[in-house]
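Structure, as structure tokens:
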Amino acid sequence: MAAAAPPPPPTPAPSAPTGLSDSTPGGHPLFSRIRLATPLDIPYIQKLIHQLAIFEKLADLCTATESDLASTLFKSPPFHSFTIFLLEVSSRPFENDSAFHSQNFTPIERIINLDHSVSDPEAEAFANGINGDVVVAGFVLFFPSYSTFLGKPGFYVEDLFVRECYRRKGLGKMLLSAVASQAARMGYGRVEWAVLDWNANAIKFYEEMGANVLPEWRICRLTGPALEAHRDAN
């Protein structure tokens, strides 16, 4: 799947208060956190993947179930294979949960000051029942790649997604920057991903982050029956 992300943040549109609203005079702070996902997050991840497929107009190709994800993800240490950063938001400061801290990654926390509270119609479905009013707002899934030209490993971003009501607030940039920062700290040579050619907002967003969009390259894919035809080729 091509990575999808919001455009850079303009002034948010007014919206009605919800469970995530904050009545602080003069502003509405949105507390945001990026942490490593765990197997307990699979129900949220599956819902986010389905929403991404709808956004990309590819819902008919999305067949991944929670069982599929549970059998293929979280089988290796973070950054050695498929890795997921989960984006969470809250109207209150996050509790210092040591369960999310590890030698591999320390959660990234930011406060985004909004003019209006966020109306999240799916807050209940994405609520983290362990941590009060914390809500899952997005994710990025990536894994190691390798550049023979650079002679260095890198990361390939398979999916990047922020739920609709949390877009245009800088959260997509926060997710992608977290991956890029991790790659730089590990001495990796690049971070790559694909973008749908009709998604002008995402293309502009990536270019403003410093990415080069390479129009001369095409994605080639073997899947389904075409892939199975090669099963006994050797």
(message) If L160 satisfies all but one of (1) open to solvent by 10 Å² or more (accessible area, probe 1.4 Å); (2) over 14 Å from L214 (Cα atoms), what's the number of the condition it fails?
(response) (1)
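Among V179, V191, which is the only one that is in contact with a helix residue (DSSP H, G or I) (Cβ under 6 Å, 6 or more places away or on another chain), in contact (Cβ under 8 Å) with a residue 24 or more places away in the chain and hydrophobic (A, V, I, L, M, F, W, C)?
On the way: V179 fails: in contact with a helix residue (DSSP H, G or I) (Cβ under 6 Å, 6 or more places away or on another chain).
From the options V179, V191, the qualifying one is V191.
Does R231 satisfy the condition of being open to solvent by 80 Å² or more (accessible area, probe 1.4 Å), over 21 Å from R110 (Cα atoms) and either touching an Asp or Glu at 6+ places or on another chain (Cβ under 7 Å) or assigned to a loop (DSSP other than H, G, I, E, B) (or both)? Walk me through it before giving the result.
Values: open to solvent by 80 Å² or more (accessible area, probe 1.4 Å): yes; over 21 Å from R110 (Cα atoms): yes; either touching an Asp or Glu at 6+ places or on another chain (Cβ under 7 Å) or assigned to a loop (DSSP other than H, G, I, E, B) (or both): yes.
In short, yes.
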(message) With the requirement that a residue be open to solvent by 10 Å² or more (accessible area, probe 1.4 Å) and assigned to a loop (DSSP other than H, G, I, E, B), what does the stretch 163-186 give you?
(response) R167, R168, K169, G170, M186
(request) Select from the stretch 32-60 the residues that are among the β-branched types (V, I, T) and not in a helix (DSSP H, G or I) and write down the one among them that is surrounded by the fewest Cβ atoms within 10 Å (Cβ to Cβ). (result) T38
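Which of the following residues is open to solvent by 70 Å² or more (accessible area, probe 1.4 Å), at pLDDT 95 or above and closer than 25 Å to G154 by Cα: T63, T72?
Selected residue: T72, the only one of T63, T72 that is open to solvent by 70 Å² or more (accessible area, probe 1.4 Å), at pLDDT 95 or above and closer than 25 Å to G154 by Cα.
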(request) Enumerate the pairs (first residue in the stretch 44-60 and among the aliphatic types (A, V, I, L, M); second residue anywhere and assigned to a helix (DSSP H, G or I) and surrounded by 18 or more Cβ atoms within 10 Å (Cβ to Cβ)) with beta-carbon separation below 7 Å, excluding pairs fewer than 6 apart on the same chain, so at least 6 apart or on different chains. (result) I45/L69; A59/A53
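The values are calculated or read from the model by the stated rules, or taken from the named source; none is laboratory data. Keep in mind the model is a prediction, meaning the values are calculated, not measured. Every residue, glycine as well, gets a Cβ built from its backbone with ideal geometry; the counts of neighbours run over all protein chains shown. The area values use the complete protein model at the heavy-atom level, side chains included, leaving out ligands, DNA and RNA. Shrake-Rupley method; radii C 1.70, N 1.55, O 1.52, S 1.80 Å.
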